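This report concerns only the one structure given below.
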Amino acid sequence: MIGFIRGYYTIVVEGLDTESFLNYLIRNKIYVYNVNRIEKTKIQFNINRENFKKLKKIHRSNKFNIKVKKQTGIPFIAKRIYTYRGMVICAIISLIILMSTSQFVTDVYITAPEGIDKAALKKELYIQGVKPGVYKKSIDRKIVRDNIMGKFNQIAYVSINVKGTNIFVNITKKDESQNSQENSNYCNIIATKDGIIEKVVPRSGEALVEEGDIVKKGDVLVNGANTTALPEVWATTFYEAKKSSNYIDIKNQRTDNKKKVYTISFYDKKYKILRKIKYKDYEIENKTHELKIGDYTFPVKIIESTFYEVKKVENKIDVEKIKEELSTAVLKELDYTIPVSARIVDSKDKYNVNKSMVEYAVTVTTSEDIAQLDILSKSEAEAIIKSNLKKKKQEEGEQKSSNPQNRPINDIRNEFKEEDIKTNNKDEENQ
């Protein structure tokens, strides 16, 4: 260890009678250690830096071949560092920059199941501070998780994992059973689409629409229906499909001219190196260059945008052929849109041919049941039942007051007295 701190040389001596050379070194007080014979005429030993200076003088005045095989120790390492000090300083600065940038987020990757709005989720994460350029340790995962789950009812759990400079957000969606409340066997009947009411068959509940009423999608048609006796609501509905296509096909044909524009992206900020593009028509191809080392992604990216000059080439297509294609496409769309249970009443179609466009539109009139269940919770069902009972009591009260058998005796007597007075007055007038 002391030898490593002070520094030592590993020397190889080659020649005849190498033992006499070692004896000569000892007589001159040049101390060596770790002596090994490599061959008959070759030996190897270690010598410290002070004695190496004396060995140099002897080397000039002897017949042996002496070579320095290795330099070991802190003084030699320091000498090498000083020699390449510029490179070492750059390496240290690069290491500091690398370590500092590794503490910031470069990219955020979101994995969400179908039914979750990814754009809204990304926006909310950005508001919560989960975005490129943010210090990783400043993100409180628990707070972000609670806020996201509070704003999105469909989300059961949010997993936020940090790997290198990247953040991976995994979303777990709630089961349908978790989203649903405790339901009753009562429901409202709502309209599945716009239409004109034809007839209402209210097997249960209170009908809120009549024949000839115009309803919109989502309107309540029957209130407080029972799921054991579902009403039917038939309406006239309309389906329209429209397709258009150019009968003059315009294609872009690239010329030999192209220009490249570079954009430097640092975290979520972009700096474009401006270059004038004088092409009237062009196509763009983007290519992103980024550097990754394992899970670490450097925050600097270079986006290479290539602008290709193009010229427009027109090619006329047979109009009748386009009409056939549009007709097939429109009928296929209507076949997919119109329910199987709907009865087609009428259909109208029309072609429009403009300067470069062919348009085909079909309007189909159907008759169908537009009733859709909207299951009520127990609290909503109880409120409807109470409301119906209240109405019944009011109706029964009105019927009782109009029936003489159920009326109070005093009211009946008063009516008889009034009739007697009227008859007496008439008799007096006749007399």
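The values are calculated or read from the model by the stated rules, or taken from the named source; none is laboratory data. All values derive from a computational prediction rather than experimental measurement. Note: ideal-geometry Cβ built from the backbone for every residue, glycine included; neighbour counts use all protein chains shown.
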Given the structure, is residue 235 touching a Leu at 6+ places or on another chain (Cβ under 6 Å) and surrounded by 15 or more Cβ atoms within 10 Å (Cβ to Cβ)? no
When you scan the stretch 150-169, how many residues do you find that are more than 15 Å from the chain's Cα centre (by Cα) and buried (at least 16 other Cβ atoms within 10 Å of the Cβ)? 3
Which fully enclosed strands (runs of 3 or more DSSP E) of the stretch 1-100 have 1 or more residues being at pLDDT 80 or above and surrounded by fewer than 13 Cβ atoms within 10 Å (Cβ to Cβ)? 33-39, 65-72
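Residues checked against (1) touching a Leu at 6+ places or on another chain (Cβ under 6 Å); (2) closer than 30 Å to residue 246 by Cα; (3) not in a strand (DSSP E or B):
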residue: 279; (1), (2), (3): no, yes, yes
residue: 288; (1), (2), (3): no, no, no
residue: 308; (1), (2), (3): no, yes, no
residue: 322; (1), (2), (3): no, yes, yes
Restricting attention to the stretch 171-189, does a residue exist that is under 30 Å from residue 240 (Cα atoms) and among the aliphatic types (A, V, I, L, M)? yes
Would you confirm whether any residue within the stretch 53-74 is among the aliphatic types (A, V, I, L, M) and closer than 30 Å to residue 266 by Cα? no
Has the stretch 355-372 got at least one residue that is over 41 Å from the mean Cα position of the chain (by Cα) and under 28 Å from residue 319 (Cα atoms)? yes
Number of the exception - residue 175 against (1) at pLDDT below 85; (2) over 30 Å from residue 380 (Cβ atoms); (3) surrounded by fewer than 16 Cβ atoms within 10 Å (Cβ to Cβ); (4) not polar (S, T, N, Q): (2)
Please work out which residue is farthest from residue 235 (Cα to Cα), limiting yourself to the stretch 324-366 and to residues that are in a helix (DSSP H, G or I) and without any contact (Cβ under 8 Å) to a residue 12 or more places away in the chain. 324
Test set (1) touching a Phe, Trp or Tyr at 6+ places or on another chain (Cβ under 8 Å); (2) charged (D, E, K, R); (3) loosely packed, with under 13 Cβ neighbours inside 10 Å - residue 348 fails condition number: (1)
How many residues, within the stretch 282-326, are under 32 Å from the mean Cα position of the chain (by Cα), surrounded by 16 or more Cβ atoms within 10 Å (Cβ to Cβ) and farther than 16 Å from residue 267 by Cα? 4
Residue that is farthest from residue 209 (Cα to Cα), among those in the stretch 367-390 that are part of a strand (DSSP E or B) and of a type outside the set (Asp, Glu): 377
Expected single match for surrounded by 12 or more Cβ atoms within 10 Å (Cβ to Cβ), outside any strand (DSSP E or B), more than 30 Å from the chain's Cα centre (by Cα) and not aliphatic (A, V, I, L, M) among 275, 203, 254 is 203
Apart from one, (1) in contact with a helix residue (DSSP H, G or I) (Cβ under 7 Å, 6 or more places away or on another chain); (2) closer than 30 Å to residue 173 by Cα; (3) not polar (S, T, N, Q) all hold for residue 73; the odd one out is (2)
